[in-house]
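All remarks here apply to the structure that follows.
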Amino acid sequence: MKQVRNVGQAGMLLTAGSIASAIAKWYLVWLAQRIGGPETLGTYGMILAIATPIFVAAQLGLRTVFLTLRQAYPWKNYLELRFFGLVSATIALLLFLFSSPQEMFYLGLAILSFKIVDSLQDLNVARIQYANRLKVVGWISIVNAIFSIVCSTLIAITTGSFIFAIIGATGSSLVVAVVARHIALKNAYIPETLLNGKRKIVQASFPVTVAELLSTLLLYLPVFVMSLSNDLKIVGVFTGTAYVLTAANLVGASLSKILISPLKHRFKQGGISSLYNFVQKITLFLFVSCGSVSLIFIAFGGPLFETVYGSEFALTYFELSIYSIASVCIILSLVQSVALSVMNKYYAVTAAFIVACIVSLVSGLIFMEMSVDLLMVGIGMSAVGSVCRFIVLWSILFFSKFRRGNTSSSILN
């Protein structure tokens with residue numbers, strides 16, 4: 001009973017941490033709108049659409065691989081790969097910024113600093129999670145979010161600059177990252193081999209990286225397509241309102257962290273049938289609960305956006321409904337993804353994201369050709385991609401239980 005209670009408390013803290021992280025990231029979106037208006041918010045969204053995929057690719061999916069790979073390789077291997085990825089991402093983003101207008105360049109440098117610190121913290125938190133200290137992971141997210149909001153607010157009030165506000169958030173995150181590293185190194189990690197495992201790690205990380213990159217692209221593809229119109233104001237409106245999708249992604253990621261251990265146990269003890277039945281029960285529960293929350297969002301989301309951002313951000317019930325469908329499917333997709341990752345079916349997850357990105361992009365181009373309202377183009381692309389991703393992932397998991405040899409499906413076997 002005590003163990004169940006501890007798991008429940010850890011789950012609540014992880015969820016609270018994800019919600020806090022979502023609020024902290026959204027707060028920067030709100031600051032951009034508050035300080036510079038829709039145009040600044042649109043510029044911020046465009047730079048994020050470039051920087052985020054670059055850093056997702058550079059992270060090499062190491063957190064997921066570290067937590068799910070069946071062979072435990074030396075910690076030093078993961079640190080070296082993360083350092084290589086960070087250097088590569090920094091160079092890539094700088095090359096983009098050097099060719100950008102001056103106002104984008106300085107904002108991009110601030111975002112670069114934030115991305116670097118976030119990547120450094122990510123791997124240390126993975127080691128804490130590996131030690132099953134889920135409560136600590138939750139508290140790190142909560143404290144980091146609070147510090148980020150406080151520091152960015154104080155600097156924004158003092159300087160009136162959104163760029164310096166981001167730098168303030170970076171500074172607070174750096175302090176938390178140092179503390180997280182100290183905690184991570186206090187947790188014993190015993191590799192199963194002292195041999196260099198970087199080649200094996202990269203082999204496993206390739207499909208994970210591609211899947212995570214495509215997942216990020218799926219969120220930002222609407223921004224790319226909408227940017228073709230050069231209407232930064234509408235891009236800003238989409239960036240502000242579409243944060244509900246980012247929030248859904250963070251909630252789903254939190255659920256993934258909670259579910260990794262029990263799903264691994266289910267798969268190890270009962271095979272694919274036990275895993276599949278458990279996942280479908282979770283999926284049904286989330287569909288009902290998230291659907292209920294969506295009804296509240298549809299009813300009050302319009303006035304909420306208008307109050308928070310301004311009259312330019314008011315949405316219709318139809319637009320809010322499409323956002324809700326996309327958000328629910330994002331959360332459900334991440335549950336299916338973690339189940340397939342536990343089975344080490346990394347390439348299957350990657351294939352699902354490839355299909356979703358292609359379908360989303362094609363739908364966006366069709367919407368543009370049909371002269372659909374630009375904001376609705378972005379919202380529609382988000383929904384089409386999210387629904388497609390969930391359907392493909394669910395189908396892969398469903399048909400996997402009819403295949404033989406599922407308990408030994410690792411790509412490394």
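The values are calculated or read from the model by the stated rules, or taken from the named source; none is laboratory data. Every value quoted in this text rests on a predicted model; they were computed, and no experiment measured them. Ideal geometry is used to build each Cβ from the backbone, glycine not excepted, and the neighbour counts take in all protein chains shown. Side chains are part of the model used for accessible areas, which takes the heavy atoms of the whole protein and leaves out ligands, DNA and RNA. Shrake-Rupley method; radii C 1.70, N 1.55, O 1.52, S 1.80 Å.
A few remarks follow.
- Scanning the range 222-249 for residues that are touching a helix residue (DSSP H, G or I) at 6+ places or on another chain (Cβ under 7 Å), more than 19 Å from residue 313 (Cα to Cα) and surrounded by fewer than 24 Cβ atoms within 10 Å (Cβ to Cβ) yields 224, 225, 249.
- Of the residues 325, 366, the single one that is at pLDDT 85 or above, open to solvent by 30 Å² or more (accessible area, probe 1.4 Å), in a helix (DSSP H, G or I) and out of contact with any helix residue (DSSP H, G or I) (no Cβ under 9 Å at 6 or more places or on another chain) is 366.
- Residues in the range 306-319 that are farther than 16 Å from residue 376 by Cα and in contact with a helix residue (DSSP H, G or I) (Cβ under 7 Å, 6 or more places away or on another chain): 306, 308, 309.
- Condition met for residue 315 (modelled with pLDDT of 85 or more and under 27 Å from residue 32 (Cβ atoms)): no
- Of all residues in the range 284-311, those that are part of a helix (DSSP H, G or I) have Cβ atoms under 6 Å from Cβ atoms of residues that are polar (S, T, N, Q) and modelled with pLDDT of 85 or more, 6 or more apart or on another chain, in 294/324; 297/324; 298/321; 298/324.
- Single residue of the range 21-65 satisfying the filter (charged (D, E, K, R) and closer than 18 Å to residue 235 by Cα) that is most open to solvent (accessible area, probe 1.4 Å): 34
- Residues that are of a type in the set (Gly, Ala, Ser) and under 14 Å from residue 380 (Cα atoms) are absent from the range 225-239 altogether.
- Boolean, residue 272 is closer than 20 Å to residue 239 by Cβ, among the β-branched types (Val, Ile, Thr) and open to solvent by less than 40 Å² (accessible area, probe 1.4 Å): no
- Evaluation of residue 95 against the conditions (1) crowded, with 21+ Cβ neighbours inside 10 Å; (2) at pLDDT 85 or above; (3) of a type outside the set (Phe, Trp, Tyr) shows that the sole unmet condition is (1).
- Put simply, of 23, 47, 35 the only residue that is under 22 Å from residue 254 (Cβ atoms), of a type outside the set (Asp, Glu) and out of contact with any His (no Cβ under 7 Å at 6 or more places or on another chain) is 23.
- Condition check for residue 100: of a type outside the set (A, V, I, L, M), closer than 25 Å to residue 139 by Cβ and open to solvent by 10 Å² or more (accessible area, probe 1.4 Å): no
- Considering 315, 284, the condition of being under 23 Å from residue 353 (Cα atoms) and not hydroxyl-bearing (Ser, Thr, Tyr) is satisfied by 284 alone.
- Hits in the range 250-267 (condition: open to solvent by 60 Å² or more (accessible area, probe 1.4 Å) and either among the aliphatic types (A, V, I, L, M) or free of Cβ contacts under 8 Å to residues at least 24 places away in the same chain (or both)): 265, 266
- Those residues of the range 78-125 which are under 20 Å from the mean Cα position of the chain (by Cα) and either among the charged types (D, E, K, R) or outside any helix (DSSP H, G or I) (or both), in sequence order: 82, 115, 118, 122
- All of 371, 341 fail the test of being open to solvent by 10 Å² or more (accessible area, probe 1.4 Å), in contact with a Ser or Thr (Cβ under 7 Å, 6 or more places away or on another chain), assigned by the TED database to the domain that holds residue 264 and not charged (D, E, K, R), apart from 341.
- Scoring residue 160 on the criteria (1) open to solvent by 70 Å² or more (accessible area, probe 1.4 Å); (2) on the phi > 0 side of the Ramachandran plot leaves a single failure, condition (1).
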